[in-house]
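Trainee: Take a look at the following structure, please.
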Amino acid sequence: MRAARLIKMVLLLQARPSMTAAELAAELEVSERTITRDAQALSEAGVPVYADRGRTGGYRLIGGYRTRLTGLGRSEAEALFLSGVPGALREMGLADAASAARLKVSAALMPSLRDASQNASQRFHLDAPGWFRETPAPELLPAVADAVWDDRRVTARYCRQDTEVERELEPYGLVLKAGVWYLCARVPESGVYRVYRIDRFTAVVAGEERFARDEEFDLPGFWEERAEQFARAILRSEAVVRLSEAGVRQLPYATDRAVAREAMGTAGEPDAAGRVTVTLPVENEDVAYAQLLSLGPEAEVLGPPGLRARFAEAAARAAALYR
């Protein structure tokens, strides 16, 4: 336990010019007194940890000291090689950089761990796009990725419905969702963060000016919040559905799993036929028709009346075909 903490402390000090005892204690989840003892132990072991005294003081490494990655365990080394997504790196134009980084990490590992890269690649592969979808990488993705890495403002033109709009943007981060690339960016004039589909950009020009990034911006948290808002915003209607036991099992495959869970939360006791009635949030009647049609006779649509009429008509046509 302590050995792992000491290694992490050295790596933290390698990554930053200086850290206070309070900062190190927060990162390592120990007391400041423990940090003092750990720094002394590292110094006695030959690691040049220097303590700057005073209110603005802290700990730092002197003499350009760097440690080799001999503190990594096998599971840690294998997890490290899983951290990159090959397809996504290739689409952003970073495949060569990622390959070089993996080689350098492999060279720094102990001989007994140098097969970690091969072990990981043989046991895990991420194929992000959904089945039966062609999702070519957007042509402008590398240019957007460069601007994201360099914190450079961009002038972007993108298609919004039937018009083309130009915006000045501060590109904060990229998200790959189900094979589709999105840019999370701040609009300088309003300070509002927005999400843009990169395949809708028609032009992206990065300027020389770098923007001051808000260090409190949390990309995963922002995306999760916006994705939830989007999912709720498009569910403007409801359908009342009577499901068989098989229909209950199949509902998560016909619609979004979270929506299916929400619908099942509205279910009452099964009726005499063993069916339950649920209220299902839906985008509109057309989407609900396409989704629920896949359940066949395992779902009876009770409302709204227009949707029920469509299913009654579809059932009559299907019966005529198989009569």
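Computed from the coordinates by the stated procedures, all read-outs in this text should not be read as laboratory data. Keep in mind it's a predicted model, so treat the numbers as computed, not measured. Here the Cβ positions follow ideal geometry from the backbone for every residue, glycine too, while neighbour counts run over all protein chains shown.
Trainee: For the pair T277/V180, report the inter-label distance in nm, with labels modelled 7 Å from Cα in the Cβ direction.
Mentor: 3.5 nm
Trainee: Would you calculate the separation in nanometres between label points at A309 and R210, each defined as 7 Å from the Cα along the Cα-to-beta-carbon direction?
Mentor: Spacing of the two 7 Å Cα→Cβ label points: 6.4 nm.
Trainee: Between D218 and D162, how high is the FRET efficiency from 1/(1 + (r/R0)^6) when r is the Cβ-Cβ distance and R₀ = 35 Å? Nearest 0.05.
Mentor: Between D218 and D162 the formula returns 0.50.
Trainee: Another question about this same structure. Given the Cα-Cα distance of V30 and R90 and 0.36 nm per residue of separation, how much length would full extension add, in nm?
Mentor: 17.6 nm
Trainee: Right, next: Which residues' amide hydrogens lie under 5 Å from the amide hydrogen of L235, considering only partners 5 or more residues apart or on another chain, with H built in the peptide plane?
Mentor: none
Trainee: Right, something else. Convert each backbone phi in the range 281-294 into a coupling constant with the Karplus relation 6.51 cos²θ - 1.76 cosθ + 1.60 (shift: θ = phi - 60°), then list the ³J(HN,Hα) values in order as whole Hz, x for Gly and Pro.
Mentor: x, 9, 5, 6, 5, 5, 5, 4, 4, 5, 6, 6, 4, 5
Trainee: What is the extension gain from R249 to R232, computed as 0.36 nm multiplied by their sequence separation minus the C-alpha to C-alpha distance, in nm to one decimal?
Mentor: 3.8 nm
Trainee: Once you sort the root eigenvalues of the Cα gyration tensor of the range 177-323 as a ≥ b ≥ c, which label holds: rounded (a/c under 1.5), prolate (a/b larger than b/c) or oblate (the other case)?
Mentor: prolate
Trainee: May I pose another question? Grab the Cα-Cα distance for R152 and A319, subtract it from 0.36 nm times how many residues apart they are, and report the gain in nm with one decimal.
Mentor: 54.0 nm
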